Amino acid sequence: MTTYVGNRVARVDSVDKVTGRAVYGVDVALPGMLHGAVVRSPYPHARIVSIDTSAAERAPGVVAVATGKDFPHLFGAAIKDQPFLAIDRVRYVGDPVVAVAATSEREAQYARDLVRVEYEELPAITDMQMALDDDAPLVHPDLHTYERGGHEIVPHTNINTLYHFERGDVDAAFAEADHVFEAEYSAHALSHVTLEVHVAVAQYDTYSGDYTLWVTTDRPYFLRDDLAGGLGVDGSKIRLKVAQVGGSFGAKGVPIAEAIAVMLARKTSGRPVKVELTREECLIASQLRVPAIMKLKTGVTNEGFMIARSADVLWDSGAYTAYTVGVAIRGSQTIVGPYRIPNVKIRSRQVYTNKAITGSYRGYGTTQVTWACESQMDEIANELGIDPVVFRLQNGYEEGDPYLNGQIMHGVGLRETIETARDEIGWGSVERKPAPHLRRGKGLATMIKPTLTPSSSNVVINLGQDGRVQVVCAAPEVGSGQDTVLAQMAADAVGVPIDVVSVPATDTALTPYNGPVASSRTTYHMGNAIVAAGAEIREKVLGLAADFFGTDADYLEMYDGEIRDENGELLITLKDLLARHQSEGYALTAGGRYSSTGSPLLKANPGEEWISSIFWMLCTQAAEIEVDTETGVIRVIKVAASADVGKAINPMTCEQQVEGGVVMGLSNGLFEDFKIDNGRIENASLVDYKVATIEDMPEIVPILVESVHNEAPFGAKGIGEPAAAATPPAIANALFDAVGIRIRDLPITPEKVLAALAEKAATEPGD
Amino acid sequence: MTFRIDTTINGDRTVIDVDPTLTLLEVLREQLLLSGTKEGCGVGECGTCVVLCDGEPIASCLVLAGDAAGCSIETIEGLADSGELSDVQRAFVRTGALQCGFCTPAMVLTATALLREDAAPDAEEVKKALGGILCRCGAYPKILEAVLEVSGEGA
Amino acid sequence: MKRLRQFAYSEPATLDEAVAALASGGEDARVLAGGTDLIVDMKTERLPTSAVVNIKKIPGLTGIDDLGEATRIGALTKVTAIEGSQLVQQRHPALVDAASVLASPPVRALATIGGNVGRASPASDLGPALIVSAASARIRGTMGEREELVEGLYVGPGQTSLTCSDIITDFIIPSPPVGFGSGHVKLGKRGGGTDIAMAGTSASVVIEDGVVRDCKIALASLGPIPFRAPTAEAALSGQAPTEETLGAAAEAAAEDASPIGDVRASASYRATLARVLTLRALRAAVASSGGWVVA
Ligand SMILES: Cc1cc2nc3c(=O)[nH]c(=O)nc-3n(C[C@H](O)[C@H](O)[C@H](O)COP(=O)(O)OP(=O)(O)OC[C@H]3O[C@@H](n4cnc5c(N)ncnc54)[C@H](O)[C@@H]3O)c2cc1C
């Protein structure tokens, strides 16, 4: 029986947030705190000839100046290829070169402008195709010497990731196919635009050599390791305290402000240093979504069954790899979509360029490949004269189907997501022409995403003398509501009212190891850890009660803080039970751990188990749009967004994720667009990098499908990422339905729409 | 150089010496320690820094401190200073009209200003009033729902 | 956050003091009205600014008045006040159209009409609307007071013919004759509303006996300054307002335009918008004149 799980419980962080009391990273202020500013490269690629910081050091208020030579270490998640501050060479416009700490931010920014850096410009790689040229200059000539994980690179080239996957005989299947479709699609760079900028406060203890940071991050333990790498110290020397996070979407994972803050803190004799990036810096020098060019070829039978697919994907990591290697590998796999295709061949390459760093972005590669896959699905269906919904349904995964690597898939609600989205949008009927210059259409797209596997979560649950329950874990609230969801699960697992449950802020000195709050993994992984720890607490409490009443604990139950016998008779409240131990003091603690390692669900073809996912996310969206054929402007009228969540621990927070995903996907697909000239981002301002407002919001109907996953806490899977991926292709497919044009390169701007309409009119006169 | 300004902050007359080359946002956050007001972009585009000036939402990142003189400024801290949430705040909590919460103070204040002017705005009017505030989490549907819930009941 | 660099600040109480402060402040002294351009320009370091002269303490620079023959709008009048003005709506509808799509509400509540003209942005919304309304600006400077057509103030992107100690005090807009109508239309990156224009058009017409006697068309983001489209105006003058004649004028406006490609739009897309938006602005102008467009 559950009291809270499954209900629309109000978010536990909501009162702090509506009253402005919530303390974010930007709000952290400490006595004696200094402020940092950063000198950044104006060139995409250059050798640093000299750095003169003398004027800056003499400027009013300046306490410390740091350069790359101070910390000649490299960090990185998969390849250690990045220094905190550039050493000898800058690799993108915005690459940090010098950092200054002063008593006020104004002084720091003033002094920053006094630093003189002399550069010698080098030939730059400003697009990813260019990076592949035989005589292309190398962004990282030392790539082969860098410390890295197990993935493949191509030494002495710009290729920092190479991945192949093959199953069946693709060539034979293409020869056999009745129809073969081939096209190239591209997905562009995007900024997360977390409304809270990147910010960190760091303090160095000159006696112990320990660093303490106040940060806003979604992956404290990963961030700690990266910081340790860059500082050249052991991770145990670094403590991270996580404030409220003003949005992440994958942005707040790699050291950005944190790197600058620790370097400066090392040089200020113990005074804390705050580094807060400007919005402009966030747009050019944090990290962006990895752009991708995707060649996709699919062989289909006359009956509309897909028998072969090959994909050649090129990804652009920008100047450093950060979290992109996983994007390039995991993302490429999902270009097959949620479809049974017996013969598959994938080549994925990722290159360095002299452009802004890219990295993890809500969806971790799936937003890019979903664009290609789902656009092509629509093209195939339309070409063959099959209903795109039917085409998807007849090729789509069902419960128990084998995945690419042979993993038997469990918790697969794909069909239901497609059917519910189809029904909600009113598939098959549309008012085509509401006005002479307006056309309407409907389109649908679906997606699949794995979660980070294997990974683990740990929790400590404390029950205090006062009856309060603390869920101590390193799962920072990034806005997606997990404090609430974790509290709900803990309340039910222990059997207490939710208002006695709290989820204290993450502090790596106190909260045990957790993987990242990313990959939509928190509810599932931390939930499982909480269920285990909560059950142990409940068991101990019932043992205590059994002793007290002289009965067997097996006959007792606890719900909502009330201990009852097997007839449901209230024996005592938890509060009263604990009060009996007042004099000696009493506290209970239980630890919980969940790791997907070794789960039987992950079994797959030998050597390919690593491709398995402990759960699969599936989401389908259907969109109705209206095109202004004179301006090319698209208005999205309605989106029906259906997500298989396993089980909605909190339908309200699930809806938030789905709705927010649609808004983000719409914004990504229609508005957001970097203008990059010779590696330089020219629209580094929200004035010209446009994000959707409430006025752009269509009617959004979130639909929650509950496929129920057996190894999941209460059956719940993840939901955070998938919601944003299907929106752009759903819109593009609706555009085709409306006016018969196909846009294959994101974003879908009015300009491209108009150009495509003109081209269509030219080739099909009289239409 | 400082300027003495006589202003009203959340209903309290406040006479302070300010550096006139600071923005109102800086004075609120760093001098008066009213950190509920946030900065998102610094150039007026995102609306995160909205406060009410004589009842009207303004982007405080574009206002110099001297211009607060003689005005009545309301920040998010002023809405529930009695310890009771306002109707708008309660509606935001009930409907789940927030995620990361960084835009929430601006959204709540702007909705409050709208509902004081017009007790029963319709969906289009609400969207128009809130159109200058970005919410990257995309809490828009529930924000709209929250404001419409209060609409008609009076704020 | 990006901090402003240090600068001298003053709040003169009279126009004379303000003009004197500007004159003594030199090249880099600037008038502060709503600040929605100036503060941004200072933060982005687009303009060096050594002194800021805040003119908002000077009485008499706000308000919308009916002078009979004309409407007077004080330079410090907020865009929101223009948006909500019955008088302006009745007489100069293009100005209300423009005010209602200029930026978002929390910016519009600060932004002034004088600052909009003072900034001389090629993408200005109020500029073209003032031009088609035949507005002039009253200016106070070291040489005393003068009046100039708004149209003539723009000399280049971000540049007016004002000297650095000139202050616009108000705008005088002649009351239109019977049969007058005007409208303003723009398109921003998000496909509508309040974004800075990829292109914008204001149009006004005077229709007498079913014929367009006078026509003004002004374009924004379609050249270095807000400017008039003479060929388009000539094409429509003397014609009955039909879809065909309006369309021909719109085609001509695209010829009058000299758009560039930048981060917001390409030159060719802008040229298309010049035509489409001019047609839409003309339709709005004709409709507001009480006339109708014959298909
Ligand atoms: C987010 C955002 C969006 C915007 N969107 C739009 C838009 O869609 N359309 C649009 O047209 N504008 C837009 N703007 C620009 C701006 O809001 C307008 O131009 C506004 O009208 C400027 O008025 P202000 O009072 O704020 O000017 P200020 O910033 O105070 O001044 C602007 C310039 O004019 C000078 N000046 C001001 N007053 C006078 C005067 N009386 N005499 C002489 N010189 C003077 C100043 O010295 C300065 O150089 C936007 C701005 C922002 C921040």
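The values are calculated or read from the model by the stated rules, or taken from the named source; none is laboratory data. Note that the structure is predicted; figures quoted are calculated from it, not measured. Here the Cβ positions follow ideal geometry from the backbone for every residue, glycine too, while neighbour counts run over all protein chains shown. Each accessible area value is taken on the protein alone, full model and side chains, heavy atoms only, with ligands, DNA and RNA left out. Shrake-Rupley method; radii C 1.70, N 1.55, O 1.52, S 1.80 Å.
A compact table of results
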quantity	calculated
Cut-off of 10 Å, at most 10 other beta carbons, DSSP loop: longest stretch of chain C lacking such GluC sites (Glu not before Pro)	C:70-295
Subset of A:Lys252/A:Lys717; B:Lys38/C:Lys57; A:Lys355/A:Lys675; C:Lys56/C:Lys78; A:Lys638/A:Lys717; A:Lys295/A:Lys675 violating a 18 Å alpha-carbon distance limit	A:Lys252/A:Lys717; B:Lys38/C:Lys57; A:Lys638/A:Lys717; A:Lys295/A:Lys675
Relative packing of A:702-711, A:54-63, A:518-527, which averages over residues the other C-beta atoms within 10 Å, highest first	A:518-527, A:702-711, A:54-63
Modelled FRET efficiency - R0 51 Å, A:Thr573 with A:Ala29, Cβ distances, 0.05 increments	0.75
Residues in region C:230-272 that a label on C:Val211 would reach, taking backbone N under 12 Å of a point 7 Å out along Cα→Cβ	C:237-241
Label-point gap, in nm, between C:Cys164 and A:Thr2 - each point 7 angstrom along Cα→Cβ	6.8
Solvent exposure of region C:8-54 as accessible area per residue, Å², 1.4 Å probe	39
Among A:65-72, A:39-46, A:473-480, A:140-147, the order from most to least packed when residues are scored by Cβ within 10 Å on average	A:473-480, A:39-46, A:65-72, A:140-147
Full-extension gain in nm, A:Thr103 to A:Asp171, via 0.36 nm per residue minus C-alpha separation	17.9 nm
Inter-probe distance in nm under a simple model that places probes 7 Å from Cα toward Cβ, at B:Asp17 and A:Ile637	6.4
Efficiency of FRET from Cβ geometry, B:Glu84 and A:Arg580, R₀ 30 Å, rounded to 0.05	0.25
Extended-chain gain in nm, criterion 0.36 nm per residue less alpha-carbon gap, A:Glu608 and A:Glu121	170.8 nm
In region B:69-136, GluC sites (Glu not before Pro) in a DSSP loop with at most 15 other beta-carbon atoms within 10 Å	B:Glu84
Shielding of C:9-21 by partner chains, average beta-carbon count, 10 Å	1
Three-way shape label, chain A, alpha-carbon gyration tensor, a/c 1.5	oblate
Order by protection proxy (mean Cβ within 10 Å, highest first), peptides C:263-269, B:56-62	B:56-62, C:263-269
Accessible area per residue in Å² at 1.4 Å probe, computed on region C:180-288	32
Rounded, prolate or oblate (a/c below 1.5 giving rounded, otherwise prolate when a/b exceeds b/c) for region C:180-288 by Cα gyration tensor	prolate
Distance in nm between pseudo-label sites at B:Gln31 and B:Arg116 (7 Å out along the Cβ direction from Cα)	2.3
Average other protein chain Cβ within 10 Å of Cβ, residues A:590-601	0
For A:6-17, mean number of other protein chain Cβ atoms within 10 Å	5
Net charge, A:Gln488 excluded, C-beta distance under 11 Å - Lys, Arg +1, Asp, Glu -1	0
Förster radius 41 Å - calculated FRET efficiency between C:Ala20 and A:Glu682 (Cβ-Cβ, nearest 0.05)	0.55
For region A:245-253, 3J(HN,Hα) per residue [Karplus equation, 6.51 cos²θ - 1.76 cosθ + 1.60, θ = phi - 60°, Hz, x = Gly/Pro]	9, x, x, 9, 6, x, 6, 9, x
A:Asp113, A:Asp133, C:Asp170, reordered so the largest accessible area comes first (probe 1.4 Å)	A:Asp133, A:Asp113, C:Asp170
